[in-house]
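Below you'll find the structure, written out as structure tokens, and then a few comments.
The values are calculated or read from the model by the stated rules, or taken from the named source; none is laboratory data. Bear in mind that the values here come from a model prediction, so they are computed numbers and not experimental data. Note that we place each Cβ from the backbone using ideal geometry, even for glycine, and neighbour counts take in every protein chain shown.
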């Protein structure tokens, strides 16, 4: 066993920290307050370092960076609270296109996406299909060399600032549902697309997108007609390359300690003197170490070419469930002062514990709910029969 | 980063897997229930060299690191083997560190005498792990580390986990103070915690397997109960807990073997998490056995009792969490 990072990865950590110190300015952090967790200038700076391309396998023409270095990158960026929603999508879309896309897509879409000049959003979920993603009903019908698309997508986060949407459509209603799906990369300035904001109880803004007789050429199709499920699985595989570093609790613990040190209690004490608070901080630290174990293992397996380890699912499940619990503890310790929201005068640590509490529930929903993840673990890892 | 066994470790792991599965079935555990110890099994384990494998070569031991010892401890955990391997190995390493020329070391290396350590400081009347069978006890009083031998081990006190527990009166044991600083004892405690985490993880995996196997045999409402989503999710959570505990225990062992800055805190964190995960795994599997899980003849109850009892020998978790808090809560230290 060896849990140490290579000297190269440690050197890279130093580089990432220096990058954050230089480029993650208060202005950049401030720019996400409208709810879009993306900053174009910061995103472009990451692209210039080659980082958006880093997790894309070298054999596909990507950066092929060591998964352990990508884990270091995501871990440091998350700890610093950097806006990286755009990065996750860029990696997956670029990798899918390079693996399964045609020359048109490889030439038109990939360079600006990994260069930080274009953004993509995911168009999988629909009003009536979330976890049951293969039940998508947004229809694409072939008309000569073109496709005509009609339907609606939910949670197309960043679509309002993005250039493309990776769109899951129904091309055959007469076969089992996962055999009649086709993916397209649709330019968002195509006529017939309408984008409406979806506001959340967190600080994030998402979107609903509507597709009304949207016409695009066949060159925007990715993968085979009715071969959408294979594209979906490829995307999940590449997600592993960047999902190694899910540490929302790392930042939360820092905020909780700062808040506890400043939260007055009786007899000149503060919340940091409260044994219950101290216990909860330590328990959150233990959970964080468990998350690191899963993340290191996932990244190690990826570095060995194993893209589908159960550890990735367990990381997702464990981190989200632990993080929700932690946000509940740490908000509660502040008592009534904890009610004050982000940027409200007098809010403890700027209201960030309230922000974490609001954000946490979505982490066990997006990217696969905890329930779907448990199904995966029960089936693929424990070998239990389908229910 | 290399998070799997090397080929050499695989070979050693297989040796211990074969030893424990062939030599220590559930009947062995049941037969040792009243004593918590199987002397014949201990002697056979000694023949494999396991008892002394992690003692330094300079005192006649095998010179293996904790990571190698942990392979044996993991299988001990899976089979609930009634053997004081953890205590003996840790106490022997401690004595070798403090007094490499000590007269008692030879018999400890041979395995003819059994060593243990008292886990609580400044408590001469404490229940000592393996206290009912140990010939040699090491403990800490104030800043001093002491060793005692002689004083016949007493009767086993009946206990939840069928452990060889006894209250050794440390003040009355023939004692000698060992030279060396008190922090060496902290290291021994951390080694015990990391190995205990390893044993708990083993027990957790085994308990989970009992549950996963059972739900694939049992029918209710004309259906295999393993197809019910409520059971699948419970087992998925238990599995996630044990796998997470496994990775943390392995990292704690590695931290000790390579003298990492967190070598004295990760083992404690690992033990706390492994204790909860192993118990959760056993309790979940027991629940899914229905009434049979409560029956003495089913093995899952052995795991349920041991998973709770093993880490309780250390002491309550509350003060341990506060001790960790004192060590870890400084802004930006994690």
- Query: Can you name the residue in the range A:61-82 that is touching a residue at least 24 places away in the same chain (Cβ under 8 Å) and under 15 Å from residue A:307 (Cα atoms) and is also surrounded by the fewest Cβ atoms within 10 Å (Cβ to Cβ) among such residues?
  - Reply: A:66
- Query: Can you tell me which residue in the range B:1-42 is farthest from residue B:69 (Cα to Cα), limited to those that are part of a loop (DSSP other than H, G, I, E, B) and within 14 Å of another protein chain (Cβ to nearest Cβ)?
  - Reply: B:1
- The residue that is nearest to the chain's Cα centre (by Cα), considering only those in the range A:341-384 that are part of a loop (DSSP other than H, G, I, E, B) and within 12 Å of chain B (Cβ to nearest Cβ), is A:369
- Query: Could you say whether any residue in the range A:311-326 is within 11 Å of chain B (Cβ to nearest Cβ) and more than 29 Å from residue A:126 (Cβ to Cβ)?
  - Reply: yes
- Yes or no: residue A:157 at pLDDT 95 or above, touching a strand residue (DSSP E or B) at 6+ places or on another chain (Cβ under 6 Å) and in the same structural domain as residue A:210 (by TED's automatic domain parsing)? no
- Does at least one position in the range B:99-111 carry a residue that is out of contact with any strand residue (DSSP E or B) (no Cβ under 6 Å at 6 or more places or on another chain), more than 28 Å from residue B:78 (Cα to Cα) and buried (at least 22 other Cβ atoms within 10 Å of the Cβ)? yes
- Task: Go through (1) surrounded by 21 or more Cβ atoms within 10 Å (Cβ to Cβ); (2) closer than 21 Å to residue B:208 by Cβ and name the single condition residue B:5 misses.
- Result: (1)
- Message: So, in the range B:283-310, how many residues would count as being away from every other protein chain (no Cβ under 14 Å) and within 22 Å of the chain's Cα centre (by Cα)?
- Response: 14
- Subset of the range B:42-56 (residues that are crowded, with 19+ Cβ neighbours inside 10 Å and in contact with a helix residue (DSSP H, G or I) (Cβ under 7 Å, 6 or more places away or on another chain)): B:45, B:50, B:51, B:52, B:53, B:54, B:55
- Enumerated strands (runs of 3 or more DSSP E) restricted to the range A:109-225, each holding at least 1 residues that are within 24 Å of residue A:37 (Cα to Cα) and in contact (Cβ under 8 Å) with a residue 40 or more places away in the chain: A:120-123, A:146-154, A:164-170, A:181-187, A:193-199, A:205-217
- Query: Restricting attention to the range B:246-253, does a residue exist that is surrounded by fewer than 23 Cβ atoms within 10 Å (Cβ to Cβ), more than 7 Å from every other protein chain (Cβ to nearest Cβ) and not in a loop (DSSP other than H, G, I, E, B)?
  - Reply: no
- Query: Are any of the residues in the range A:339-362 in contact (Cβ under 8 Å) with a residue 12 or more places away in the chain, closer than 18 Å to residue A:260 by Cβ and surrounded by fewer than 20 Cβ atoms within 10 Å (Cβ to Cβ)?
  - Reply: yes
- Query: For the range B:88-111, does any single residue satisfy the condition of being within 16 Å of the chain's Cα centre (by Cα), in a helix (DSSP H, G or I), within 22 Å of residue B:134 (Cα to Cα) and without any contact (Cβ under 8 Å) to a residue 60 or more places away in the chain?
  - Reply: yes
- Where residues in the range A:246-301 are more than 9 Å from chain B (Cβ to nearest Cβ), assigned to a helix (DSSP H, G or I) and surrounded by fewer than 22 Cβ atoms within 10 Å (Cβ to Cβ), which of them is modelled with the lowest pLDDT? A:251
- Among the candidates B:321, B:302, single out the residue that is in a helix (DSSP H, G or I) and either exposed (fewer than 14 other Cβ atoms within 10 Å of the Cβ) or free of Cβ contacts under 8 Å to residues at least 60 places away in the same chain (or both). B:321
- Item | Hits in the range B:189-245 - residues which are within 30 Å of residue B:97 (Cα to Cα) and at the interface with another protein chain (Cβ under 8 Å from one of its Cβ atoms) | B:245
